Amino acid sequence: QDHDWHRSVHVWIVDAPRKLVALQKRSPQKDTFPNRWDISAAGHKEAGGSGNPNNTNNHSSRETAVREVAEELGISITASDLEFVFTCPAEQAPWGGC
């Protein structure tokens, strides 16, 4: 709400051979981007730990991604199932995001 910068993870589930990407539609009750199509899963990283996506503590980006995929999609994965692709600083406040 106060537009402070924070870390989040975005998980894209991709079936490259069939050229498919799993998307989900956001709830109409969401405060940001309601009823819009969104990536496979996403969430905010808990405080603590490092910014290193390969960090193995419970506050790593990979552990956040594992948690969010389970919560949002009901799919059990492990951190080793994930491939880190990139980091991108982004400001969403001008578009109504957090």
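May I ask you to verify whether E72 is part of a helix (DSSP H, G or I), of a type in the set (D, E) and either under 15 Å from the mean Cα position of the chain (by Cα) or at pLDDT 90 or above (or both)?
yes
Would you mind telling me which numbered condition in (1) small (G, A, S); (2) at pLDDT 95 or above; (3) surrounded by 13 or more Cβ atoms within 10 Å (Cβ to Cβ); (4) in a loop (DSSP other than H, G, I, E, B) G49 fails?
In the conditions (1) small (G, A, S); (2) at pLDDT 95 or above; (3) surrounded by 13 or more Cβ atoms within 10 Å (Cβ to Cβ); (4) in a loop (DSSP other than H, G, I, E, B), G49 misses (2) alone.
Would you confirm whether any residue within segment 26-43 is at pLDDT below 85 and among the basic types (K, R)?
no
Quick test of your reading of the structure: P94 fulfils all but one of (1) part of a helix (DSSP H, G or I); (2) at pLDDT 80 or above. Name the failing condition by number.
Result: P94 passes all but (2).
The values are calculated or read from the model by the stated rules, or taken from the named source; none is laboratory data. Computed from a predicted structure; not experimentally measured. Cβ sites come from the backbone with ideal geometry, for glycine too, and all protein chains shown count toward neighbours.
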